[in-house]
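Take a look at the structure set out below.
The values are calculated or read from the model by the stated rules, or taken from the named source; none is laboratory data. What you see is a predicted model; the values in this text were computed from it and never measured. Cβ placement follows ideal geometry from the backbone for every residue including glycine, while neighbour counts extend to all protein chains displayed. Calculation scope for accessible area: heavy atoms of the full protein, side chains included, ligands and nucleic acids excluded. Shrake-Rupley method; radii C 1.70, N 1.55, O 1.52, S 1.80 Å.
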Amino acid sequence: GTGEAVSYPPGLGGAVTITSDGRGNAGQIYYPDVDLDWKVPLRPHLGTMAVMPSNTLNYENGNAGVGGANTIPPSKFGGNVDNWRIGKGTTMYYQVEVDGGMLMIGDTHAAQGDSELAGTAMETSMTAKLRVTLHKKATLPPMVQDLNYPLMETADNWLISGFAYSNYLDQLSTPSEIFSAGASVDLALENCFNNTRSFLMKTYEVSEAESIAIMSTGVDFAITQIVDGNWGVHAVVPKWMFTSPDTPWDYSCNYNNPSGTRRALGDARTRKLEQMGVADENSSVRKMTEHVRKLHATSVGVEQAHLEAIGRRMFEAKVNLMDKKENPLMGKRVLKAINDGPKKAN
């Protein structure tokens, strides 16, 4: 073109070397030909991840009514969220709005800090490997059944997102004006506070007053980004505040913790079973399955999967019985019998 050539500071136009342990863990980015007295942390992540919103016909960007929306402003469906924690080992939850979901990702970064203050992160090309799982709404716990923001989960924390406009495609008469209307940290913080309060009350069954006390004393609120039109704030909720130190993890589900860690779809149920005195659900189901096998001579030759299905149904029935407030003692006795196994006949 006819524009001026890009002029780099001495040494910055050459090769870049990235060092880490090879597994995406912390490292530094070095410019070997530059004599700098500082370095930045290596944080490979996806700046943009979203599902297709269902309300795009109102978006005006030269062709109103044709559908689609700008990928930059984030909202309840995701978008250019620009949270540097959307990297290896992280789980993101979105509510599917259109058939097929139409997941899109992009804007990969090698490094970024909270706020992305200068307008860009360390932009880079990246190959990302994702696992996509569709959960039907009827099977979801209450905390994610009516999800209206991108919910993030790491091995140790929940991260709740908030934006100046939580659903700008509907909230603004001309949604493309979000690039001026959404420049508000105050509105983003207010939305994040409301989302976090609801999350704590639904997930951990605390009162509104307790949720506010928890946020004030143990939750960190930070500016996610102030560059993508719809400014963002996120809350970091440590899981350990709600987890008994002697409680085993449920199942292995990420690379950061191969021995297993809790995930959203297991937390609520596990907490409920813990309150009932059930330390290991799978072990209890196995004992019930073996109980079925020993009680029924006709089980000889029956496929193991069928016996396990019966054992699972019986376990669920006993759990439901125990959960009945009118007869909790009977339920505890039944579950104790499950864990003890069948008694031998005299």
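Structure data summary
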| item | result |
| --- | --- |
| Cα-projected label distance for R131 with E290, points at 7 Å along beta-carbon direction, nm | 2.9 nm |
| Prolate/oblate/rounded label for region 40-150 (Cα gyration tensor, a/c 1.5) | oblate |
| Length added when fully stretched, K239-E177, from 0.36 nm per residue minus Cα-Cα | 18.6 nm |
| Greater than 24 Å apart at Cα, pairs in K76/K137; K136/K202; K239/K287 | K239/K287 |
| Two-site label geometry, E281 and M122: point separation in nm, points 7 Å out along Cα→Cβ | 4.1 nm |
| Solvent accessible area, Å² - T133, 1.4 Å probe, full protein context | 80 Å² |
| Table column - 3J(HN,Hα) (Hz), region 139-155, Karplus curve with 6.51, -1.76, 1.60, x for Gly and Pro | 9, 7, x, x, 5, 10, 5, 10, 5, 10, 6, x, 9, 10, 9, 10, 4 |
| Amide H within-cut-off set for A111, under 5 Å, with H built and near neighbours excluded | R43, M122 |
